[in-house]
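Trainee: Dumping the structure here so I can ask a few things about it.
The values are calculated or read from the model by the stated rules, or taken from the named source; none is laboratory data. Fair warning: this is a prediction, and the values are worked out from it, not measured in the lab. For neighbour counting, all protein chains shown are included, and Cβ atoms are generated from backbone atoms with ideal geometry for every residue, glycine included. Quick note on the areas: whole protein, heavy atoms, side chains included, nothing else; ligands and nucleic acids left out. Shrake-Rupley method; radii C 1.70, N 1.55, O 1.52, S 1.80 Å.
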Amino acid sequence: MWKLKSLKSPVQTIVLRRLSVGDSRLSQKHDSKKSPVKQNESFMANIFRRSFVPKQVFPYPDVLSLEEKESTGSLIDPFERFFSDINDAAKSDQAGKTDEKTLSALWELGAFAIQVPENFGGLGLNNTQYGRLCEIVGANDLALGITIGAHQSIGFKGILLYGTPEQKEKYLPKVSTERVYAAFALTEPSSGSDAGSIRSRAVKSADQKYYVLNGSKIWISNGGIADIMTVFAQTEIVDPKTGEKKDKVTAFIVERSFGGVTNGAPEKKMGIRASNTTEVYFEDVKIPIENILGEEGGGFKVAMNILNNGRFGMGATLSGTMQKCIEIATSHANSRVQFGQKLKNYGSIQEKLAQMSILQYATESMAFTISQNMDGGSQDYHLEAAISKIYASENAWYVCDEAIQILGGMGFMVETGLERVLRDLRIFRIFEGTNDILRLFVALTGIQFAGSHLKELQSAFKNPATNLGLIFKEASKRAASKVGLGGSDLSSHVAPELQPYAKQTAECIDLFGQTVEELLLRYNKNIVNEQIILNQLANAAIDIYAMVVTQSRSSRALQLDLPSAQHELNLTKALTIQASERAIKNLKNATSSHNRDLTEKMSTIAQTVCEKNGVYSTGVIDI
Ligand code: MYA
């Protein structure tokens, strides 16, 4: 339930600030003396401002060279053999850890340093190649995936992204070949989603040579096994212009060997039990000044960008998990006979298998569109990465649950393996940014981008109290004349067979832009208080992205005459019918008075439930 009244929620603070001053990351500030203005390439960010920028999605990105495709192909076999011959996910789940022999085999494969450049001992693969290997991991063992992912997707990713040459030289060989595990230490007891409010503190020594770190972190994946950690702490920063002192987050590379780094016992968890999750404590840890990662005081952005950069990997991993669930369910449907018929002949089973396949196709299309955009050099993938994380984690849960349903009683048994996968999957909607926070992030970041491009509105937002009239006047004018818009047209980008579907999608995109403008006009910066509406907007954005990436991918399949092309087109058509209906409904709800009535009721009910500490109704037999 996300209708919060307090103005202190982190995401509200985010956007209040961004709406008022403009977000340097998204608005395209231009200094004419410097380089020419660079257009934001994000397809999704642009549809918030009613602008159609197809570059990232059409044609379907295909960035791997033949050589890269071959080198990825040559790794698939050894990875699959590792899972079939060496790894035993069920055994590790029961033991609460993966045994050393198995981990050792994984190190030998290079699986802990997939993206580290070869000169530092890694496999030197790009995001798309990494994603392909993530799919194999996700199909086989999610807990092991977390051990690998916490190490390289976030643990030492900061060193790859922000490390100085010396930091890279010193640490990358350790985490690639010397079997030193890494972890990412951000979350604290009082700071989960509100990542900026961490309390761990690092104080600079009088001789300016090191920092002394004190604090504690919770739920740290690899916390008990990592000897190198990316740690975030508050530091005092002096503004060079004003001399004003302010606490700002700084990122540090911390070695356990510095002393004062300890950890708690492994947490007992619902799933991903074989991965190690612990508290980590820092007591007077002396960190050399050269171990600052990125800029002093720039640690929050370092943290956010590490997370942004790794999120697509979750989509790829869970696409693999979905593939495996579909395989298990299909094999059962093909063989199990009930009432004289194989299950595959029943409409309800067909509906489930089709739905599961549609969702897997879209999840995979999102993950690899993003990875290829990243590999193509785009920096504008934050919204899409958040969307793919939400989509993958929710649909993998659904697909696994449906697979269990198809297997019936057998699906409920430990032996089938699906109950472990379901337990493992639950955390994916929570960590790496909860889906609730990410939905708000998608909606509000997009709205801010739209706002920053409504120039007059943007400057008026700097002082909304005195500029309210202007905000309303300008926004009405734009809404009426649809300034700068020619309507979205996907027809030249998709296969002829998809034309009617592309039209439906274009209608959703147009309505999306209109709705954003209407919401800005109606709520102005108070839109940040409307979390139910923001969720509707985010859900529409997610559906639009799913339609666009699948239309693009299946058009390519047809163009290349791939054997699966017709099937991919069918998946896309079915998805478009479902997603466009849902998107239109969400967008209409976002502005309808009927829906307003509903959201107000929901808010009141929630307040009552909270006041009463739970259910409040007269019991059925009470008077
Ligand atoms: S790790 C822990 C995960 N924790 C989180 O994800 C925390 C979630 N919270 C947030 O993301 C932020 O706090 C939010 C912002 C979004 C709520 N990109 O004042 P602000 C900039 C770039 O708005 P807040 C885990 O779970 C912003 O523009 N920049 O911030 C491990 C502003 O800049 P400026 C961003 O109100 C799981 C500045 O920051 C972003 O505090 C293990 C301040 O912003 C962004 N996204 O809240 C996983 N957001 O000052 C293992 C903000 O210039 C992985 N900013 O205006 C395994 C998976 C793969 C397996 C692989 C197998 C092989």
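Trainee: Can you give me the three principal axis dimensions of the range 60-184 from its C-alpha atoms, in Å, biggest first?
Mentor: Answer, in whole Å and largest first: 41, 34, 23 Å.
Trainee: Given a 1.4 Å probe, how much area per residue of the range 574-623 is accessible, in Å²? Numbers along the way, then the final one.
Mentor: Working: 3680 Å² over 50 residues.
Averaged over the residues of the range 574-623, the accessible area is 74 Å².
Trainee: Of the accessible area of the range 182-299, with the probe set at 1.4 angstrom, what percent is carbon plus sulfur?
Mentor: Numbers: 2690 of 5470 Å².
Reported share for carbon and sulfur atoms: 49 percent.
Trainee: Also, quick follow-up: If you project the alpha carbons of the chain onto the principal axes, what extent comes out on each, in Å, largest first?
Mentor: Ordered largest first, the chain gives principal extents of 81, 72, 63 Å.
Trainee: Sticking with this structure for a sec: Could you list which residues have their amide H under 5 Å from that of Ala183, counting only those 5 or more apart in sequence or on another chain, with H placed in the peptide plane?
Mentor: Ile228, Met229, Thr230
Trainee: Compare the peptides 562-568, 240-246, 191-197 by average per-residue count of other Cβ atoms within 10 angstrom and give them in order, highest first. If you can, show how the numbers build up before the last one.
Mentor: Working: 562-568: 13.9, 240-246: 8.3, 191-197: 16.3.
Top of the packing list down: 191-197, 562-568, 240-246.
Trainee: Sort Trp397, Trp107 by accessible area with a 1.4 Å probe, largest first. Don't skip to the answer; put the middle values down first.
Mentor: On the way: Trp397 70, Trp107 20 Å².
Correct descending sequence by accessible area is Trp397, Trp107.
Trainee: Hey, can you rank 543-550, 421-428 by average C-beta count inside 10 Å, highest first?
Mentor: Working: 543-550: 28.5, 421-428: 22.2.
Highest-to-lowest ranking by the protection proxy: 543-550, 421-428.
Trainee: Which percent, nearest 5, of DSSP beta bridges in the range 131-273 are antiparallel?
Mentor: Details: 16 of 22 bridges.
Close to 75 percent.
Trainee: Where the eigenvalues come from the Cα gyration tensor of the range 498-623, what are the semi-axes √(5λ) of the equivalent ellipsoid, largest first, in whole Å? Display every interim value, and only then the final one.
Mentor: Details: eigenvalues 306, 79, 23 Å².
Semi-axes, largest first: 39, 20, 11 Å.
Trainee: Rounding to the nearest 20 debye, state how big the charge dipole of the chain is about its Cα centre with +1 on each Lys and Arg Cβ and -1 on each Asp and Glu Cβ.
Mentor: Values: 69 positive and 68 negative charges, 394 e Å.
Dipole size: approximately 1900 debye.
Trainee: Continuing with the same structure: Under the rule of at least 5 residues apart or a separate chain, name every residue whose amide H is placed under 5 Å from the amide H of Ile272.
Mentor: Asp424
Trainee: Next question, about the same structure. Just list whichever of Lys101/Lys342; Lys269/Lys324; Lys157/Lys503; Lys69/Lys248 have alpha carbons separated by over 31 Å in the model shown.
Mentor: Values: Lys101/Lys342 42 Å; Lys269/Lys324 23 Å; Lys157/Lys503 40 Å; Lys69/Lys248 43 Å.
From Lys101/Lys342; Lys269/Lys324; Lys157/Lys503; Lys69/Lys248, over 31 Å: Lys101/Lys342; Lys157/Lys503; Lys69/Lys248.
Trainee: Sticking with this one: What aspartates and glutamates does Lys97 reach when the alpha-carbon gap must be under 17 Å and sequence neighbours fewer than 8 apart in one chain are set aside?
Mentor: In chain and number order, the partners are Asp88, Asp141, Glu267, Glu279, Asp424.
Trainee: Now for a separate question. Once a ≥ b ≥ c are taken as the square roots of the eigenvalues of the Cα gyration tensor of the range 222-281, is the result rounded (a/c under 1.5), prolate (a/b larger than b/c) or oblate (a/b not larger than b/c)? It would help to have the intermediate numbers written out before the result.
Mentor: Working: a/c = 3.80, a/b = 2.46, b/c = 1.55.
In terms of gyration-tensor shape, prolate.
Trainee: Still on this structure, please answer the following. With unit charges on the beta carbon (Lys/Arg positive, Asp/Glu negative), name the residue among Thr604, Asn263, Ala185 whose Cα is farthest towards the positive pole of the charge dipole of the chain.
Mentor: Selected residue: Thr604.
Trainee: Something else about it: What FRET efficiency comes out for the pair Ile577/Gln208, r = Cβ-Cβ distance, R0 = 51 Å, nearest 0.05? Show your work: numbers first, answer last.
Mentor: On the way: r = 63 Å, r/R0 = 1.24.
It comes to 0.20.
Trainee: Turning to a different aspect of this structure: Rounded to the nearest 500, what is the chain's calculated 222 nm mean residue ellipticity when only DSSP H runs of at least 4 contribute -39500 (n - 2.57) each, over all residues?
Mentor: On the way: 21 runs with 341 residues, N = 623.
Calculated from helices alone, the mean residue ellipticity at 222 nm is -18000 deg cm²/dmol.
Trainee: Also: Quick check on the range 182-299: what are the equivalent-ellipsoid semi-axes from the Cα gyration tensor, as sqrt(5λ), descending, whole Å?
Mentor: Values: eigenvalues 143, 48, 22 Å².
Equivalent-ellipsoid dimensions as semi-axes: 27, 16, 10 Å.
Trainee: Right, here's the next one. Give me the accessible area per residue for the range 182-299, probe 1.4 Å, as a whole number in Å².
Mentor: Values: 5470 Å² over 118 residues.
Solvent-accessible surface per residue comes out at 46 Å².
Trainee: Output the peptides 340-352, 221-233, 172-184, 514-526 sorted from most to least packed, where packing is the average of other Cβ atoms within 10 Å over each peptide's residues. Numbers along the way, then the final one.
Mentor: Details: 340-352: 13.7, 221-233: 25.4, 172-184: 21.2, 514-526: 19.1.
Going from most to least packed, we get 221-233, 172-184, 514-526, 340-352.
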